[in-house]
Amino acid sequence: MVLKSARIAGLGYFVPKKKLTNEDLEKMVNTSDEWITSRTGIKERRMAGSDESTAELAAKAAKIALKDAKVEVDKIELIIVATLTPNHLMPSTATIVQHKLKAKNAVAFDIAAACTGFVYAITVAHQMLATGLYKNALVIGAETMTKFVDFTDRNTCILFGDGAGAVFLKSCKAGGGILGTYIKSNGNNFITIPAGGSAQPPSKETVRRNQHYITMDGKEVYKFAVRVVPDAVVQILKKCKLKADDIDKVIFHQANVRIIDAVCAKLKIDPAKSYINLHRYGNTSAASIPIALCEAVNEKVIKKGDIVLLVGFGAGMTWGSALIKM
Ligand code: UT7
């Protein structure tokens, strides 16, 4: 079998209009703009309205990516949505997006890898295009994190925001587009939504205990990220036989600017190579990498031919990286 690759033919992102600033949060919990800014780099995030589901944001980002790629909806073969905030336990958010787009010839499914979801999703899409099984794929990272955040818990509510980012991948010759991907997980449980699934089905009691919201051991996640993100970078460079100097731009998962700075220092990556938008959107989980990638391309920070590194980490714990020639 002759293996192919997949290239990005179009990009799009969408974020809700409503902003939630650090000053807004000061009125809700015992926190301060100074604390949030110095500990995370976040200044504001976007908040989905009651009529804005994850699939709604995903479909809006997807339409922009499809327009950018100049592709008709009935040509879409594969739709993959990475999310930890699905519309429902069933059906998948991807099938709802398929319905919204009227993409009648596609097959659609979700990927659950939390904030690493987009890297997992392009890994799967890349493999399905490389084998020739499909010729194109719409890959979306979309989240409505603020609907799953406890706005009385200052440990988590200051971090997360909503949005969606999408790429349209087309198969191409091996050696172009996605140069390689690397994904890992270890089963550790530092971030979770305890109730609402089969382990703790929804009940009045689980709702009373706020167990349908995100809980997190922030310190452990921080230590984990500073350890595994450099590993993900080293592994993907080794796999693609490239050096850190060959990378033109890095899109880190936008969780905390201190994590990004620590990783750049550890790997001697020029921080100027890393595109950052977390001050405007907070941590949008699986959407953070495609939103940042799309913004960087729109702002011409990333140009055709650039070697771009994507790297993420999240609940599971999961982590992963991808190298792409744009
Ligand atoms: O996609 C993955 C998602 N998760 C992450 O990326 C989280 C990774 N972790 C982090 O980003 C950081 O650990 C946090 C930003 C969550 C916390 O920063 P930290 O420097 O690790 O702070 P800490 O948890 O050690 O807390 C320091 C102090 C504590 O007070 P005491 O015990 O020293 O008196 C906290 O109670 O800050 C307090 N604190 C706050 N103060 C004001 C915790 N949250 C807040 C807050 N505002 N929002």
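The values are calculated or read from the model by the stated rules, or taken from the named source; none is laboratory data. This one's a predicted model, so the numbers in the text were calculated from it and none came from an experiment. Reconstructed Cβ throughout: ideal geometry from the backbone, glycine too, with neighbour counts over all protein chains shown. These area figures cover heavy atoms from the full protein model, side chains too; ligands, DNA and RNA do not enter into them. Shrake-Rupley method; radii C 1.70, N 1.55, O 1.52, S 1.80 Å.
Annotation for the range 29-51 versus the range 1-17: alpha-carbon center distance of 29 Å.
Computed over the chain, the range of Cα coordinates on each principal axis works out to 56, 46, 35 Å, biggest value leading. Taking amide H positions as modeled 1.01 Å from N, with prolines and chain starts lacking one, the residues under 5 Å from Gly177 and 5 or more places away or on another chain are Lys325.
Placing pseudo-labels 7 Å out from each Cα toward the beta carbon at Lys100 and Lys239 gives an inter-label distance of 3.0 nm. When all alpha carbon pairs of the range 88-174 are counted in 5 Å bins from zero, the resulting P(r) reads 3, 12, 20, 22, 18, 11, 7, 5, 3, 1, 0 %. If I take every Cα pair under 8 Å that is 6 or more residues apart in the chain, average their sequence separation and divide by the length, what percent do I get for the relative contact order? Dividing the mean separation by the residue count of the chain yields 26 percent.
Please find the FRET efficiency linking Ala272 to Arg208, where r is the Cβ-Cβ separation and R0 is fixed at 45 Å, and quote it to the nearest 0.05.
Working: r = 49 Å, r/R0 = 1.09.
For Ala272 and Arg208, the calculated efficiency is 0.40.
Helix content alone sets the calculated 222 nm mean residue ellipticity of the chain: runs of n ≥ 4 DSSP H residues at -39500 (n - 2.57) each, divided across all residues, give -10000 deg cm²/dmol. Per residue, the range 253-326 exposes an accessible area of 32 Å² to a 1.4 Å probe, with every protein chain left in place.
Summary of the geometry: the range 205-240 and the range 126-204, compared by the centres of their Cα atoms, lie 13 Å apart. Note on the chain: antiparallel DSSP beta bridges, both residues inside, total approximately 70 percent of the bridges counted. Quick one: of the DSSP bridges fully inside the range 177-326, what percent are antiparallel, nearest 5? Bridges in the range 177-326 are about 75 percent antiparallel. Within 10 Å of each candidate Cβ there may be at most 12 other Cβ atoms; applying that plus a DSSP loop requirement, which trypsin sites (Lys or Arg not before Pro) in the range 263-294 survive? Here the sparse-neighbourhood loop sites are Lys268.
In square angstrom, what is the accessible area per residue of the range 156-226 with a 1.4 angstrom probe? Walk me through the intermediate numbers first.
On the way: 3440 Å² over 71 residues.
It amounts to 49 Å² per residue over the range 156-226.
Take the Cα of Asn188, go 7 Å toward its beta carbon, and the backbone nitrogen atoms of the range 239-253 under 18 Å from that spot belong to 253.
Given a 1.4 angstrom probe, I'd like the percentage of the accessible area of the range 199-326 that is carbon and sulfur, rounded to a whole number. Present the calculation step by step, with values, prior to reporting the outcome.
Numbers: 3120 of 5570 Å².
Exposed carbon and sulfur together represent 56 percent of the surface.
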